[in-house]
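Visitor: Just passing along the structure, written as structure tokens.
The values are calculated or read from the model by the stated rules, or taken from the named source; none is laboratory data. Computed from a predicted model, the values in this text were never measured in an experiment. Here the Cβ positions follow ideal geometry from the backbone for every residue, glycine too, while neighbour counts run over all protein chains shown. All accessible areas refer to the heavy atoms of the entire protein, side chains included, with ligands and DNA or RNA removed. Shrake-Rupley method; radii C 1.70, N 1.55, O 1.52, S 1.80 Å.
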Amino acid sequence: MRILAAMSGGVDSAVAAARAVDAGHDVVGVHLALSRAGGTLRAGSRGCCTIEDAMDARRAADRLGIPFYVWDFSERFRDDVIDDFVAEYRAGRTPNPCMRCNERIKFAALLERALELGFDAVCTGHYATLVDGPEGRELHRASDAAKDQSYVLGVLTAEQLGHTYFPLGATPSKALVRAEAEARGLTVAHKPDSHDICFIPDGDTRGWLAERVGAERGPILDRHGAVVGTHEGAHAFTVGQRRGLSLGVPAPDGKPRFVLEVRPVSNTVVVGPKEALATAEIAGERFTWAGRAPAHGTFACHVQIRAHADPVPASARLEGGALHVRPDAPFDGVAPGQTAVLYDDTRVIGQFTIDRTVSAVPVG
């Protein structure tokens, strides 16, 4: 196949490209420039897509003997990932920018251009497994549960899965990938993994959002509507948050209170006891299937609501144009804007953005 290898400058994408070469494919490397004002140096393991990363990707491509290009996707990244991130917080939701990047940049914009140029597939260093089943290609968890990235790939559609290539999915551990990189003479063998939000390299999400959303003082309410404190900007709070609430009125039982809801229109934050975080049902209208769609309106599944959360058994149903999921036991601290990914054992069924939640503990 003609393979376009997305090379971030990290060890995973470098080894993935190397394995594509070893498999006999015609491989071309590409690094995505996602910021027109990218920093020259990384802040340790924070951030990505810097000039330093582009140089690391080029050195890896040179070592592998493959052509290499840098493509400017900064405008698309700003529109589809950064602006979306800000808009979601303005609406009181908690977005996952990595999901949006996979959905709209790596497996939409990049794949679209790759196909236009005659490539058969895009290769990345994600830890996930592709299986060609009787009803088409399926997305499954990686062999290494600690590195599994099927959750953030749950946004991929059947058509996109048909043009993807994940050479690392069956690798038992990240340590083996680093050892392989060292044996191949790749200088990124021991480069730290990126974490946090790539376009906020200093990790100060609250400060970054305050500059773009604005900080306006507002009330903090309990579940009954009584004012128990004030805040400097509702965008700085997420469901499940305990610290930094600065409440002026203690709870009647003296126990800590947690953020239960963020209401951006009225600029209010609602707090309550930990047990009130229990969520009996989640629902969303923005959903996709990773391969074949479920055969029935109601089906059993496991659902995962965070990248590193444990999947929990649940039942799902399509109703009124929305996908509803009810876990066997209530979720803890679910926020609108999060992504729920549905599984059948190791296979990804699909995903949806959580728009609505139903509390398991009614207001007493």
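Visitor: For n ≥ 4 DSSP H runs only, could you compute -39500 (n - 2.57) per run for the chain, divide by its residues and tell me the 222 nm figure to the nearest 500?
Guide: -5500 deg cm²/dmol
Visitor: If you don't mind, another one. Sequence-distant or interchain residues sharing an amide H contact under 5 Å with Thr230, placed H: which?
Guide: Ile220, Gly248
Visitor: So, one more: In whole Å, what is the distance between the alpha-carbon centres of segment 59-102 and segment 237-256?
Guide: For segment 59-102 versus segment 237-256, the Cα centre distance is 35 Å.
Visitor: While we're looking at this one, here's another question. Please compute the alpha carbon radius of gyration of segment 250-343, then divide it by the globular-protein estimate 2.2 N^0.38 Å. Two decimals is fine.
Guide: 1.26
Visitor: Going Cα to Cα from Lys147, which lysines come in below 18 Å? Please leave out same-chain ones fewer than 8 positions away.
Guide: Result set, ordered by chain and number: Lys174, Lys191.
Visitor: Same structure again: Can you give me the C-alpha center-to-center distance between segment 283-302 and segment 115-157, rounded to a whole angstrom?
Guide: 18 Å
Visitor: Assign one of three labels to segment 144-214, namely rounded, prolate or oblate, based on the Cα gyration tensor with a ≥ b ≥ c the square roots of its eigenvalues; rounded applies when a/c is under 1.5, prolate when it is not and a/b is larger than b/c, and oblate otherwise.
Guide: Oblate, since a/c reaches 1.5 and b/c is not below a/b.
Visitor: Here is a further query. Percent relative contact order of the chain, based on C-alpha pairs within less than 8 angstrom and at least six residues apart?
Guide: 16 percent
Visitor: Compare the peptides 241-248, 296-303 by average per-residue count of other Cβ atoms within 10 angstrom and give them in order, highest first.
Guide: 296-303, 241-248
Visitor: Using a Gaussian network model of the chain with C-alpha springs under 10 Å, which one of Asp80, Asp253, Asp12 is most mobile by mean-square fluctuation?
Guide: In the Gaussian network model the winner is Asp253.
Visitor: Follow-up. Can you tell me the order of 272-285, 117-130 when each peptide is scored by its average per-residue count of other Cβ atoms within 10 angstrom, highest first? Can you show the working numbers first?
Guide: Details: 272-285: 18.6, 117-130: 20.8.
Most protected by this proxy first, the peptides run 117-130, 272-285.
Visitor: When N is the residue count of segment 191-271, what does its C-alpha Rg come to as a fraction of 2.2 N^0.38 Å?
Guide: 1.26
Visitor: Straight-line reach from Lys274: which aspartates and glutamates fall under 17 Å, measuring Cα to Cα and dropping same-chain residues less than 8 apart?
Guide: Once the sequence-local aspartates and glutamates are set aside, what remains near Lys274 is Asp222, Asp253, Glu261, Asp332.
Visitor: I need the phi-derived Karplus couplings for segment 66-81: 6.51 cos²θ - 1.76 cosθ + 1.60, θ = phi - 60°, integer Hz, Gly and Pro marked x.
Guide: Running phi through 6.51 cos²θ - 1.76 cosθ + 1.60 with θ = phi - 60° gives 10, x, 9, 9, 10, 10, 8, 10, 5, 5, 5, 5, 4, 5, 8, 10 Hz.
Visitor: Probe of 1.4 angstrom, ligands and nucleic acids ignored: what's the accessible area per residue over the chain, in square angstrom?
Guide: Result: 45 Å² of accessible area for each residue.
Visitor: Just the number, please: carbon plus sulfur as a percent of the accessible area of segment 226-364, 1.4 Å probe, no ligands or DNA/RNA counted.
Guide: Carbon and sulfur atoms account for 55 percent of the accessible area of segment 226-364.
Visitor: Just to check I understand the Karplus step: with θ = phi - 60° and J = 6.51 cos²θ - 1.76 cosθ + 1.60, what whole-Hz values come out for segment 332-340, glycine and proline as x?
Guide: 10, x, 9, 10, x, x, 5, 9, 9
Visitor: Given a 1.4 angstrom probe, I'd like the percentage of the accessible area of segment 72-212 that is carbon and sulfur, rounded to a whole number.
Guide: 49 percent
Visitor: Rounded to the nearest 20 Debye, what is the dipole magnitude of the chain about its Cα centre when Lys and Arg each give +1 and Asp and Glu each give -1 at the C-beta?
Guide: Values: 40 positive and 46 negative charges, 125 e Å.
About 600 debye.
Visitor: Which residues does a label at Arg2 reach in segment 98-142, if reach means a backbone N under 13 Å from a point 7 Å past the Cα toward the Cβ?
Guide: Once the point is set 7 Å along Cα→Cβ of Arg2, 113-122 turn out to lie under 13 Å by backbone N, inside segment 98-142.
Visitor: Something else now. I'd like the orientation of helix 51-64 relative to the chain: the angle between its Cα long axis and the longest Cα principal axis, in ° from 0 to 90, rounded to 10.
Guide: Taking the Cα atoms of the chain, the angle to 51-64 is about 40 degrees.
Visitor: Would you grab the residues whose amide H sits under 5 Å from the one on Arg286? Only those 5+ places off in sequence or on another chain, please, with H modelled 1.01 Å from N.
Guide: HN-HN under 5 Å from Arg286: Thr353.
Visitor: Quick one: which residues, 5+ away or cross-chain, put their amide H under 5 Å from the amide H of Arg257? H built at 1.01 Å from N.
Guide: none
Visitor: How big is D, in µm² s⁻¹, for segment 59-137 by Stokes-Einstein at 4 °C and 1.567 mPa s if Rh is the Kirkwood radius over C-alpha pairs?
Guide: Calculated translational D: 86 µm²/s.
Visitor: Then there's this: Can you bin segment 34-182 into rounded, prolate or oblate? Criterion: square roots of the alpha carbon gyration tensor eigenvalues sorted a ≥ b ≥ c, rounded for a/c under 1.5, prolate for a/b above b/c, oblate for the rest.
Guide: Working: a/c = 1.35, a/b = 1.09, b/c = 1.24.
Cα axes put segment 34-182 in the rounded bin.
Visitor: What's the whole-number percent of alpha carbon pairs in the chain lying beyond 36 angstrom? Write down the numbers at each step before the final one.
Guide: Values: 17782 of 66066 pairs.
Percent of Cα pairs beyond 36 Å in the chain: 27.
Visitor: Applying the Karplus parametrisation 6.51 cos²θ - 1.76 cosθ + 1.60 with θ = phi - 60° to the phi angles of segment 342-354, what ³J(HN,Hα) value in whole Hz is obtained for each residue in order, glycine and proline being reported as x?
Guide: My calculation for segment 342-354 gives 9, 10, 10, 6, 8, 7, 6, 7, x, 8, 8, 8, 6 Hz in order.
Visitor: Compute and list, largest first, the equivalent-ellipsoid semi-axes of segment 103-182 from the alpha carbon gyration tensor, each √(5λ) rounded to a whole angstrom.
Guide: After scaling each eigenvalue by five and taking roots: 22, 15, 11 Å.
Visitor: Please work out the FRET efficiency for the pair Ala146 and Ala226, using the Cβ-Cβ distance as r and a Förster radius of 41 Å; give the result to the nearest 0.05.
Guide: Working from the Cβ atoms, E equals 0.40.
Visitor: Once the Cα atoms of helix 174-183 and of the chain are each reduced to a long axis, what angle between those two axes, in degrees from 0 to 90 to the nearest 10, is obtained?
Guide: It is inclined by approximately 30 degrees.
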